[in-house]
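Below: the structure, in structure tokens.
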Amino acid sequence: MRIPLFLLLSFFCLQGIAQKKPNVILICADDLGYGDLSCYGATQIKTPNLEKLAAGGVRFTNGHSTSATCTPSRYALMTGEYPWRKKGTGILPGDAALIIPRNRKTLPQVFQDAGYQTAIVGKWHLGLGEQVEKNWNEEIKPGPNEVGFGYSFIFPATADRVPTVFVEDHRVLALDKTDPIAVNYQQKIGNEPTGKENPELLKMKSSPQQGHDNTIVNGIGRIGFMTGGKMARWTDEELSLTFLAKAKEFIAAKNQDPFFLYFALTEPHVPRMPATMFKDKSGLGARGDAILQLDWTVGEIMKELENRGIAKNTMIIFTSDNGPVLDDGYQDEAVTRLNGHKPTGTLRGGKYSALEGGTRVPFIIHWPAGIKPAVSGALVSQIDFLKSFAALFQQNIPNGMATDSENQWDAFIGKNRIGRSVYVEQGGALSIIKDNWKYITPQAGPAYAKFVGIETGNLSSAQLYDLSKDKEEKNNLATAHPDKVKALAALLEEIKNK
Ligand code: NG6
Ligand code: CA
């Protein structure tokens, strides 16, 4: 049989294009620390799949989220804008309205405009609908589908916040119309037991003085009150497996197209309630077990790509939305069975903190067709994905959009080993880093957050650290280098007023 030349040519042309445009899977863990993986030096826990990913890709030792909590970090990831520029980007309740502006270009829209199929599977936590008061029993929008995702399978906020349901595209999954859902963050609604009134019904107790004692779902006290939707409520032990199944379904369906999947894992955020096969496996309590589940999940995705023959030209980015915390509201043995494990490695601080443990997180980019394995000390941030991918696709981002995002493509693929020269981090206080010098703005408030057991980085006077020698932030050089403090403070003001 003779194949016409033009058909052959167009076939190879298409192949060429497919080669050029990698599939991209952005896996974002929730509260995973810099020291939580064996490829980042953990010795008390072994995470072989992430070891494999790191060994075959670029492992960054200075990779960051913008913020030390979830909502602001994810806001920056989506918009390429520092979250502290906008009010209302702090940790959102489960009934919050969408906070992503709809007139700006988002990260998934960059992919859509480049012809990609896009999806989010996992934790959202950026609000849904036009307002707080919304009907969970009808179409819920705007949400992820209105800001760039062709498909969405999410839970609205966090695993510890109601409503504890999945939302697929615009609708609550498995909703029973005769048992409508209502949600309230102001006061108790309905007659269902709460953690406060019926602690005897809990299978995992909340930590004293850390809330999590409202409506009980699946034996776990939550933040916020809900009624109805009994059939739709998730089982925590199945959460991760459900997200994995949906992620795989999307990959399978889009096998032929370039796709962008934002796979937002829920581990090791509280409540840590991994599947039975991971229970007690780590020896470190539920937090360690959740990390093993996370590692396994990443391995399953890698296997799926291999089996479909698309591993080579699929870029997997693995990172975390903020630093680690042990006791974040439940008595789950994360503290008592720590067994010498160091969630931040040698860094100070953790989740909520202005110190490096707050935003310096695991950061791995794996793309066999496009990058060589390396360990890179370049300063890279999730905020730069937007302009970097836009540059890859030769897209212009209109003025006034993604204003804090930089094209750091060369750093992401390991070619450039410096990355950003200036970066602003958000814990409680703001910090600015320039050429490895970090200045933390003076901030009132306790130096130690005692319930979560984390150094906040708060100090009433300036802090200055030379991260090139002291990423542990042990030597405050502010009094020795007043000029540097002044210059960095002025630069931060300039960036704030941009
Ligand atoms: C805090 C919760 C914490 C966690 C966090 C959000 C209390 C006392 N603590 O307010 O448990 O849910 O919010 O975490 O309620 S994040 O990773 O989504 O930012
Ligand atoms: Ca988080």
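Readers should treat all values here as calculations from the given coordinates under stated rules, not as data from a laboratory. Computed from a predicted model, the values in this text were never measured in an experiment. Using ideal geometry, Cβ is built from the backbone for each residue, glycine included, and neighbour counts are taken over all protein chains shown.
Given +1 at the Cβ of Lys and Arg, -1 at the Cβ of Asp and Glu and no other charges, the dipole of the range 428-496 around its Cα centre is 80 debye to the nearest 20.
In order along the range 128-145, the Karplus-derived 3J(HN,Hα) couplings, from 6.51 cos²θ - 1.76 cosθ + 1.60 at θ = phi - 60°, round to 9, x, 7, 8, 4, 6, 8, 9, 6, 9, 10, 5, 10, 7, x, x, x, 5 Hz, and Gly and Pro are given as x.
Taken along its three principal axes, the alpha carbon spread of the range 428-496 comes to 35, 27, 19 Å, from the longest extent down to the shortest.
With a cut-off of 20 Å on the backbone N, the residues of the range 263-294 near the modelled label site 7 Å out from Ala55 along Cα-Cβ are 292-294.
Under 5 Å between amide hydrogens, which residues at least 5 positions from Gly122 or on another chain qualify, with H placed 1.01 Å from N in the peptide plane? Hits under the 5 Å cutoff: Phe153, Ile154, Phe155, Ala264. Each of Asn407 and Asp176 was given a label point 7 Å from its Cα along the Cα-to-Cβ line. The distance between the two points is 5.5 nm.
Hull volume per residue, based on the alpha-carbon atoms of the chain and their convex hull, is 154 Å³. Electrostatic tally near Val485: other residues with Cβ closer than 14 Å to its Cβ, Lys and Arg +1, Asp and Glu -1, net +1.
What the Cβ-Cβ distance of Ala374 and Ile189 gives, at R0 = 56 Å and to the nearest 0.05, is a FRET efficiency of 0.55. With θ taken as phi - 60° and the Karplus curve 6.51 cos²θ - 1.76 cosθ + 1.60 applied, the whole-hertz 3J(HN,Hα) list for the range 97-105 is 7, 4, 9, 7, x, 8, 9, 10, 7 Hz, x standing for glycine and proline. Under 20 Å from a label point set 7 Å out along the Cα-to-Cβ vector of Leu491, the amide N atoms of the range 438-477 belong to 438-443, 462-477.
Plugging the Kirkwood radius over Cα pairs into Stokes-Einstein for the range 361-412, at a temperature of 37 °C and a viscosity of 0.692 mPa s, what D comes out in µm²/s? This corresponds to a translational diffusion coefficient of 270 µm²/s.
The simple Förster model, with R0 at 35 Å and r as the Cβ-Cβ distance, assigns Lys450 and Lys498 a FRET efficiency of 0.45.
With the helix formula -39500 (n - 2.57) applied to DSSP H stretches of n ≥ 4, the chain reaches a computed 222 nm mean residue ellipticity of -7000 deg cm²/dmol. As an exercise, use a Förster radius of 25 Å and the Cβ-Cβ distance of Lys205 and Lys46 to find the FRET efficiency, rounded to the nearest 0.05. Efficiency, rounded to the nearest 0.05: 0.30.
Of all complete DSSP H helices in the chain, those with a Cα span along the helix axis of 18 Å or greater and a mean Kyte-Doolittle hydropathy of 0.5 or more are 5-20. About the centre of its Cα atoms, the chain shows a dipole size close to 1100 debye [charges on the beta carbon of Lys, Arg (+1) and Asp, Glu (-1) only; nearest 20 debye]. Each label point was placed 7 Å from the Cα along the Cα-to-Cβ direction; for Glu133 and Ser461 their separation is 5.2 nm.
Remark: Thr319, Thr346, Thr359, Thr242 ranked as Thr346, Thr242, Thr319, Thr359, counting other beta-carbon atoms within 10 Å and listing the fewest first. Modelled label positions at Asn475 and Gln256, each set 7 Å beyond Cα in the direction of Cβ, lie 6.2 nm from each other. Shown in residue order for the range 159-164 are the 3J(HN,Hα) couplings computed by the Karplus curve 6.51 cos²θ - 1.76 cosθ + 1.60 at θ = phi - 60°: 5, 9, 10, 6, x, 8 Hz (x for Gly and Pro).
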